[in-house]
1. List the pairs whose first member sits in the range 362-389 and is in a helix (DSSP H, G or I), whose second member is basic (K, R), and whose Cβ atoms are under 7 Å apart, counting only residues at least 6 apart or on separate chains?
2. Of all residues in the range 106-146 being open to solvent by less than 10 Å² (accessible area, probe 1.4 Å) and assigned to a loop (DSSP other than H, G, I, E, B), which is nearest to A272 (Cα to Cα)?
3. Can you tell me which residue among A342, A434, A409 is under 29 Å from D284 (Cβ atoms) and of a type in the set (A, V, I, L, M, F, W, C)?
4. Considering only the range 180-197, I want to know if a residue exists there that is out of contact with any helix residue (DSSP H, G or I) (no Cβ under 8 Å at 6 or more places or on another chain), of a type outside the set (A, V, I, L, M, F, W, C) and buried (at least 20 other Cβ atoms within 10 Å of the Cβ).
5. Does V397 fit the bill of being over 19 Å from V247 (Cα atoms), in a loop (DSSP other than H, G, I, E, B) and open to solvent by 50 Å² or more (accessible area, probe 1.4 Å)?
6. Being at pLDDT 95 or above and open to solvent by less than 10 Å² (accessible area, probe 1.4 Å) narrows it down to one residue among A365, A276; which is it?
7. So, in the range 95-105, how many residues would count as being more than 17 Å from the chain's Cα centre (by Cα) and either part of a loop (DSSP other than H, G, I, E, B) or within 12 Å of A409 (Cβ to Cβ) (or both)?
8. Scan the range 3-23 for residues that are of a type in the set (F, W, Y) and either over 16 Å from R339 (Cα atoms) or free of Cβ contacts under 8 Å to residues at least 40 places away in the same chain (or both) and report the count.
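The values are calculated or read from the model by the stated rules, or taken from the named source; none is laboratory data. Small disclaimer: the values here were computed from a predicted structure and weren't measured. So basically every Cβ, Gly included, is an ideal-geometry build from the backbone, and we count neighbours across all protein chains shown. The protein model used for the area step is the full one, side chains on, heavy atoms only, and it has no ligands, DNA or RNA in it. Shrake-Rupley method; radii C 1.70, N 1.55, O 1.52, S 1.80 Å.
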Amino acid sequence: MDYISTRDTQAQPAQFTDILLGGLAADGGLYLPAHYPQLDSDALQKLREISRTSGYAALAAEVLKLFVDDIPAAELEAMARRAYNVDKFAHEEIVPVTQLDEQFYIGHLSEGPTAAFKDMAMQLLGELFEYELARRETTLNILGATSGDTGSSAEYAMRGRQGIRVFMLTPKGRMTPFQQAQMFGLDDENIFNIALDGVFDDCQDVVKAVSADEAFKRDYRIGAVNSINWARLLAQIVYYVSCWIKVTEMTGDHTQKVSFSVPTGNFGDICAGHIARQMGLPIDRLIVATNENDVLDEFFRTGQYRPRSSADTHETSSPSMDISRASNFERFIADLLDRDAAQVADLFGHRIKDGGFELDDELLARAREEFGFVSGRSVHSDRLATIARVNVDHDIVVDPHTADGIKVAADAVAEHGITSPVVCLETALPVKFAETIEEALGAAPQMPQRFAGIMDAGRHVADLDNDADIVKNYIRDSISETEVR
């Protein structure tokens, strides 16, 4: 399988292990497979049997093999078994599915060690990174940005691993107390938390600026775990396949199309769904659910993609979606433009800097009709009402982001006449957003036993100015100190 940049499809193709340890391509683009492997009816039936008889880890290994041909199949199978098991996940199915009513389902992605869907990719990424670093006899310094859940998932997946350090940027004061406790409470020698003045997009911009410094990136072996890393998306494709299998087992129609509603700000989670759909997984609609930071909803309704400044990015009660520049969006636009690298480079390398771009009506119609996208917006009052309604109707407590997905899904069904089953992908457990849950239900969510005492841990975090050079100096100094130790 060859991988190419969204901005330069004529460059020498790379292999999976070539792009695994990095983030952006050298030209600033994002990596995509040169083609998407296809799932015909026989392939889908094979995946169904594997899921039914051998479980999630075996299913993940089969999907990995479709995209990775430079790691032995036996190694991929072993890594998947180590990533997805009951020692790390609280449910034996790894991704259980709950039916709410005749049409709506919840795909539970938050059974992992940090109670967030990011664990689904990060646990596998930790295995892949450690394998490849050992093979190359080298080390990696991971630089990432988080609006809440990516950071803790990455740190828990990488803590204690040989040859890996993690430098994670967070928007100072913009995460919930539980999210901060999960990250800042870690005192592992290879984990470095950085609280940056600003919002998530500022953190992401610093990551991109540091990664764009080729000399620094090379000298300090900088890699990425944010959703710009292709391996993250590859791991996420698996749970779309798994949820589709489970829903169609419940309905009894093994050829049925299923829709997915996905709370998103960075377009990573739903981009994996787009790729699964392009592979031939029977997906009807991909429902983009945003909060008050509705850049993506605006695009799918108008064709205008207008990233906003930090000052214009709202602080909301679904903070993991407080994002106004969707880093993964470039991958979808590349497919929408039939991999026209020059046009993608113009849109994301130049026009973004001038305020964004607008696609014509024909392309917007194609995004909706051929690629299946619809979108919607949810605000604080919607979240509270949805959390309360789901609790009363189904005796389930959902987190604010998942509430956004459920609310937008219901609106999309009414607006677009969607008749297929709809899976709302869960973002996190409600305990991570106790303040909002208490506002909606009048009581705080129950603390799972596995997180008892987490709020009492110490705090290990460096407060830094929003400046890429300052962050680079911190990375240099921290690497020097740990190498001396």
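1. The qualifying pairs are D382/K407; T386/K407.
2. Residue satisfying both the conditions and the ranking: L109.
3. Working: A342 fails: under 29 Å from D284 (Cβ atoms); A434 fails: under 29 Å from D284 (Cβ atoms).
The match here is A409.
4. yes
5. Numbers: over 19 Å from V247 (Cα atoms): yes; in a loop (DSSP other than H, G, I, E, B): yes; open to solvent by 50 Å² or more (accessible area, probe 1.4 Å): yes.
For V397, the condition - over 19 Å from V247 (Cα atoms), in a loop (DSSP other than H, G, I, E, B) and open to solvent by 50 Å² or more (accessible area, probe 1.4 Å) - is met.
6. Values: A365 fails: open to solvent by less than 10 Å² (accessible area, probe 1.4 Å).
It is A276.
7. Of all residues in the range 95-105, those more than 17 Å from the chain's Cα centre (by Cα) come to 96-105.
Adding the requirement that they be either part of a loop (DSSP other than H, G, I, E, B) or within 12 Å of A409 (Cβ to Cβ) (or both) leaves 96, 100-105.
Of the residues in that region, 7 qualify.
8. Just the residues of the range 3-23 that are of a type in the set (F, W, Y), to begin with: 3, 16.
In the following step, the residues that additionally are either over 16 Å from R339 (Cα atoms) or free of Cβ contacts under 8 Å to residues at least 40 places away in the same chain (or both) were identified as 16.
Total satisfying the criteria: 1.
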